[in-house]
1. When you scan the range A:15-22, do you find a residue that is in contact with a Pro (Cβ under 9 Å, 6 or more places away or on another chain), away from chain B (no Cβ under 14 Å) and not β-branched (Val, Ile, Thr), even just one?
2. Inspect the range A:202-220 for any residue being small (Gly, Ala, Ser), more than 30 Å from A:Ala242 (Cα to Cα), touching a Gly at 6+ places or on another chain (Cβ under 7 Å) and outside any loop (DSSP other than H, G, I, E, B) and give the result as yes or no.
3. Pick out the one residue from A:Thr440, A:Thr429 that is surrounded by 17 or more Cβ atoms within 10 Å (Cβ to Cβ) and more than 20 Å from A:Ala373 (Cα to Cα).
4. Could you look through the range A:32-62, keep only residues that are in a helix (DSSP H, G or I) and touching a residue at least 60 places away in the same chain (Cβ under 8 Å), and pick out the one that is nearest to the chain's Cα centre (by Cα)?
5. Looking only at the range B:65-73, decide whether some residue is closer than 16 Å to B:Gly209 by Cα and in a loop (DSSP other than H, G, I, E, B).
6. Need at least 3 residues that are of a type outside the set (Ser, Thr, Tyr) and either on the phi < 0 side of the Ramachandran plot or more than 12 Å from every other protein chain (Cβ to nearest Cβ) (or both) per element, so show me which strands (runs of 3 or more DSSP E) inside the range B:108-192 make the cut, counting only ones lying wholly within it.
7. Being in contact (Cβ under 8 Å) with a residue 40 or more places away in the chain, within 30 Å of A:Glu193 (Cβ to Cβ) and of a type in the set (Gly, Ala, Ser): is that true of A:Ser270 here?
8. Tell me, yes or no, whether the range A:306-326 has at least one residue that is aromatic (Phe, Trp, Tyr), under 23 Å from the mean Cα position of the chain (by Cα) and not in a loop (DSSP other than H, G, I, E, B).
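The values are calculated or read from the model by the stated rules, or taken from the named source; none is laboratory data. Keep in mind that this is a model prediction, so the values were computed, not measured. Cβ placement follows ideal geometry from the backbone for every residue including glycine, while neighbour counts extend to all protein chains displayed.
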Amino acid sequence: MISSLLALVLIAAQDTTAGKVVYQKWCAGCHGDNGAGDGEAARFMLPHPRDFTGAVYQIRSTASGELPTDADLLRAIDQGLPGTAMPGWKTRLSDRDRHNVLAYLKTFSTFFADTTIKPKPLQFSRAPGGGSGADALRVGRQFYDSIGCRKCHGDQGRGDGPSAPTLKDDAGRPIFAADLTQNWRFNGGGSVEDIYHRLRTGLDGTPMPSFSDLLDQKFLTDEQLWRVAQYVRSLSPAEAPAVRDVIHAPQVTGPLPRSPRDSAWSRIDSYWFPLVGQVIKKSRWFDPAVTGVRVQAAHTRDSLALRVVWDDRSQSPDSAWLAHIGRVLAALASDDSAAAPAQPGLWPDQLAVQFPLTIPQGMERPYFLMGNATAPVYQWRWSSQGGAVAGLARGLERFEPLAGGGTVGAQAVYDHGEWRVVLARALATADTAHELQVRTSRAIPVAFFAWDGSNGEHGTRMAVSTWYFLALDEPTPARVFISPVIAMALTLALGMLVVWRAQRPKHVL
Amino acid sequence: MNRRLFSVLGGALVLTVCSPKDDGAARAAPPARTDAEEVQAGGTITGKIKFTGTAPRNPTIDMSEEAACKAKYKTAPTEENVVAGPANALANVFVYVSAGVPATQKFTAPTAAVVLDQDGCRYHPHVFGVMVGQPLEIRNSDPLLHNIKALAKKNRGFNVSQPNAGMTKTVSFPTPEVMVNLECNVHGWMRAYLGVRPDPFFAVTGPDGSFSIKGLPPGTYTIEAWHEKFGTQTATVTIAGTESKTANFTFAAH
């Protein structure tokens, strides 16, 4: 109550002059002094910062084509837009500052000048119950197909539909169809309600249309549209994945699972690691398409296998994506290292798994960005065009495959927007000078790199992780389980002996 | 006084004439302009629009993802970027009076809707005009998802979906704008261009490159011809009484 009263007071007291000060300090770097989305940093961003002059906003409660409400704009300011460079400002700026900056950014567009037009939020219904049940999800899936979601978002929702390579925003810049299996990256939020609202309003400025007319013209019931939202929600995990630093590789009793489809993988814990653009060394990359990898590991007495799984909208090289690559390269400023503007090419998808050359004794590890001249790193490199090789890297652009490609083997599967790659090797190898000798029960540093060729990624233009750890767990010896039982039995026996002795009739001598 | 501007490009060589024929998709004629009640008397401007040089080839559309659309064509459909008629006539040019009509003069928009049809995964018509406030009915005749995105600067754009055959949406535009771009993001080749005008003095050239703008009161007007690939040209025409004047334009193909 008090907070809503306070909000009313603040809205009433919006001050564009004070808002301009806040804007110039915190917003202009990306959105530009004149609000045209052309600040200094804008040329390194995809999606591009919002151009306020057109007053076209993705995240609204209003019908497509209408202006957003103040509450809509404030939500974007407060919470940011997940999956983009826009952070939330609720904890960074005061209530007054955020309201003032909201008032100021509306001055960039003449559409807001007519204050007699009050944007009207759509009347949203509440989610029908049972949304996670099998029947509801089946209905949702049926309409997901029939209203054409899969055209862009793909059969399994990973943003790999047939129209995906052609998508552009209003300014002609490339834009990805959302990967619906990663709801924590949805621009307008990942809850069922958020998804339903986006279906109703569309995301103006992007290819995502509003589906409200379907309800108005009775091609779909409101409940059916909710089922679509619930189905889309079900494609993502209940919680956004959390990073755990150590990959535990259990020792498996059967043969090592070397196929990405081996059912043994379904019983092995999966670890998620976020990837970010390589922006440290030239030429830098500001638009990584691979935002994370899921890693599993298993070993036998003598061999190790790693399964790395990641979402990728294209099985590169794929000429259908060539125009998209051209748009990405045109939309993103290259840093000053490039002698000539990059030409689009048909590059493969790639993955690198990196270890130190020897297991370090302390916490010191080689430089995470592929080592350096004096301290090389040992890598497995897989390419969609040529399998895997092992080699040493002495810096970002200094990778040398071992003679004969080392001893790493790879099997890969691409399925509906997802790569699954298993890399396997013996724990001990002959070439001890150039290959990591893997040992159990040690924390082995490991890092990951990924390239989406159809997003223009190659060379130093890639997604990178930091160092994490891999631990090959020893099987628990049988005595660990048996000893407590024996101990308990002995304790029981002793106890009973004591009781028996105590209860024995005392003989008076 | 008629004037031709920017028309000279010497050495027009081989002229490729692209057929404007609309392969299988049966089609109604573009909606007739309904400006009769406003404009009976007045002058008329007619003209022919041609181009010099070789028209770029319209890319063939790959409709393999959309069997229902593909089935509507006997031969592979092409885009309609440059639709040429006999003797280098240029179709789909939006011709309108860009200046000269007094701002005080108000025209009532027809109440009849202009129809934009999505049929065979193409827009019909491809280039057209409406008056400010005039209803535009967007219709889906294909049994599959189209989204209709309007990209506008002076008007509010929008983006709505029509996943079913028989869906319609009626919109109107409050502000003059040449052109509002319409596109489908599911089918990247689908584009249409809409001129929004405050008066009825506009026309779109047909396959023979000709146009006619009727009912102009006496005055001196700037006539602009807009083509999606070849850009714009202007001419100045003075009308006195009910005479008929000619304004021809020649674009240079590039």
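1. no
2. Yes, that holds for at least one residue.
3. Numbers: A:Thr440 fails: surrounded by 17 or more Cβ atoms within 10 Å (Cβ to Cβ).
The unique qualifying residue is A:Thr429.
4. Filtering the range A:32-62 for residues that are in a helix (DSSP H, G or I) and touching a residue at least 60 places away in the same chain (Cβ under 8 Å), the one nearest to the chain's Cα centre (by Cα) comes out as A:Phe44.
5. No, that holds for no residue.
6. Values: elements: B:114-119, B:122-124, B:127-131, B:136-140, B:146-151, B:158-162, B:168-171, B:177-183.
Answer list for the range B:108-192: B:114-119, B:127-131, B:136-140, B:146-151, B:158-162, B:177-183.
7. For A:Ser270, the condition - in contact (Cβ under 8 Å) with a residue 40 or more places away in the chain, within 30 Å of A:Glu193 (Cβ to Cβ) and of a type in the set (Gly, Ala, Ser) - is not met.
8. First, the residues of the range A:306-326 that are aromatic (Phe, Trp, Tyr): A:310, A:321.
Add one more test, that the residue is under 23 Å from the mean Cα position of the chain (by Cα), and what stays is A:310, A:321.
Still in the running and not in a loop (DSSP other than H, G, I, E, B): A:310, A:321.
The answer is yes; a qualifying residue exists.
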